[in-house]
1. Starting from the range 205-216, keep only residues that are closer than 11 Å to residue 346 by Cα, then list their pairs with residues that are in a loop (DSSP other than H, G, I, E, B) whose Cβ atoms are within a distance under 6 Å, requiring at least 6 positions of separation or different chains.
2. Here are some conditions: (1) touching a helix residue (DSSP H, G or I) at 6+ places or on another chain (Cβ under 6 Å); (2) touching a residue at least 40 places away in the same chain (Cβ under 8 Å). Residue 151 meets all but one. Which one does it not meet?
3. Quick one: would you say residue 297 is closer than 15 Å to residue 126 by Cβ, modelled with pLDDT under 90 and surrounded by fewer than 21 Cβ atoms within 10 Å (Cβ to Cβ)?
4. Somewhere in the range 109-124, is a residue more than 15 Å from the chain's Cα centre (by Cα) and more than 22 Å from residue 441 (Cα to Cα)?
5. Looking at the range 197-215, which of the residues that are assigned to a helix (DSSP H, G or I) and under 13 Å from residue 93 (Cα atoms) is farthest from the chain's Cα centre (by Cα)?
6. What pairs come up if the first residue lies in the range 331-357 and is on the phi > 0 side of the Ramachandran plot and surrounded by 18 or more Cβ atoms within 10 Å (Cβ to Cβ), the second is part of a loop (DSSP other than H, G, I, E, B) and modelled with pLDDT under 85, and their beta carbons are under 9 Å apart, counting only those six or more places apart or on different chains?
7. In the range 406-440, what residues are crowded, with 21+ Cβ neighbours inside 10 Å and either out of contact with any helix residue (DSSP H, G or I) (no Cβ under 9 Å at 6 or more places or on another chain) or over 21 Å from residue 301 (Cβ atoms) (or both)?
């Protein structure tokens, strides 16, 4: 019986049907007692999976055929839930400039303060990446997602009543950032667990709506602020993002929807739940999460992991900072917030279309993740520079459309690259390690960009610096083929040493 690389499975005995049930003749030969023992073992395995939703992903028969993953069915409902979450999260995250620019400009807020608000939001967002696997293992998909949705709504509503820019550090940067991070990371993680053959298509549909808030949010927020002002519009926005609870409701554990019969599981995380009433249990829970998180970070021993993590860090630092500065730069040049909202919406449309195309193409055999990444990072770099060289709204919209293609190319395979280069079993640790690296950039590179803006009093120079930051990712990824060769050589030496020690 063969196991496909990078996939876990539940073993099946020779002679089992495709549906995972024993042949009638086999049952007669083995006896009732053995069948009952097998069913008990299967139930035990599923209960363990319910405790850790990231543990079991696939099974294969002797021919390597997929047995467990739904590869459709309820998986498409999960894709809808994840897409809805990402749309709502982006109305808070990627629309930062549209939501808060008028409020901050009225207060004469410095670029440094603005940068700290935005970047501390990104820091807390990404800081949720490393422990997300441990949280899911303890509480399950739905409980984690539901709690984050409630926190995000509450934080957004609280932001409507702030009277000072620094108060946004608490309401928006800390609480909304943490909630957005959990909501997005859970969405990124759950969809690949429901698919195998259609993983690229499902991921493309989800990642496309990751920028849905980018083109739906700006005109909606601008309209709300025109009629209700900043407080009223933000209050309504807090109610809108509460719909993340809808997506939380459909995030079933994947084993509920296996293709062939399995014993029913009636709890979202019965075995993994830790009652918060005992102080000792809470300490044990905290210790387990810390240990698991630190263990996951060992993935950075791989050269491939380093390139993936730091490459993503440079791109996120560049393109998100640029997107946040666009409304400020356009209003300073004499254009209005509606013009900025329109340009951002145009980039969101091209971003979405490109994500679907790229992620869908990733399912074909000739697709190159390496070339795709290089194209995306170079396009983002070139368009950020081009944005500073054009003056009219039309040309800025054209440049933003091209910029959206570059971002869509990168984001369309953001999580698939981790699976491709690191394997499915390292997907969650790799995502956590990447998010930790991105988090550090938010409190290092981010504020530095604000200081550069105030020191030079120029958005043009600031955007050139952001373009150079993205280009660092392009340079780094030129070394990915060499990193793959190096890691394979190291693995070969390790396997050889193990063989020698065993024979000795």
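The values are calculated or read from the model by the stated rules, or taken from the named source; none is laboratory data. Quick caveat: nothing in here was measured; it's all calculated off a predicted structure. Glycine gets a Cβ as well: all are built from the backbone with ideal geometry, and neighbour counts include every protein chain shown.
1. Pairs that qualify, where the first residue is closer than 11 Å to residue 346 by Cα and the partner is in a loop (DSSP other than H, G, I, E, B), are 214/94.
2. With (1) touching a helix residue (DSSP H, G or I) at 6+ places or on another chain (Cβ under 6 Å); (2) touching a residue at least 40 places away in the same chain (Cβ under 8 Å) applied to residue 151, the lone miss is (2).
3. Working: closer than 15 Å to residue 126 by Cβ: yes; modelled with pLDDT under 90: yes; surrounded by fewer than 21 Cβ atoms within 10 Å (Cβ to Cβ): yes.
For residue 297, the condition - closer than 15 Å to residue 126 by Cβ, modelled with pLDDT under 90 and surrounded by fewer than 21 Cβ atoms within 10 Å (Cβ to Cβ) - is met.
4. So in the range 109-124, the residues more than 15 Å from the chain's Cα centre (by Cα) come out as 109-121.
Imposing the further condition that a residue be more than 22 Å from residue 441 (Cα to Cα) reduces the set to 109.
The answer is yes, given that some residue of the range 109-124 is more than 15 Å from the chain's Cα centre (by Cα) and more than 22 Å from residue 441 (Cα to Cα).
5. First pass over the range 197-215, keeping only residues assigned to a helix (DSSP H, G or I): 199-209, 212-215.
Cutting the leftovers down to under 13 Å from residue 93 (Cα atoms) gives us 212-215.
Details: 212: 14, 213: 15, 214: 16, 215: 19 Å.
Applying the filter and picking the extreme gives 215.
6. Within 9 Å, no pair qualifies.
7. Selection gives 406, 407, 408, 409, 410, 411, 412, 413, 414, 416.
Here is a yes/no grid of residues against (1) touching a helix residue (DSSP H, G or I) at 6+ places or on another chain (Cβ under 8 Å); (2) under 23 Å from residue 453 (Cα atoms); (3) modelled with pLDDT of 85 or more:
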| position | (1), (2), (3) |
| --- | --- |
| 65 | no, no, no |
| 75 | yes, no, no |
| 78 | yes, no, yes |
| 88 | yes, no, yes |
| 116 | yes, yes, yes |
| 132 | yes, no, no |
| 142 | yes, no, yes |
| 146 | yes, no, yes |
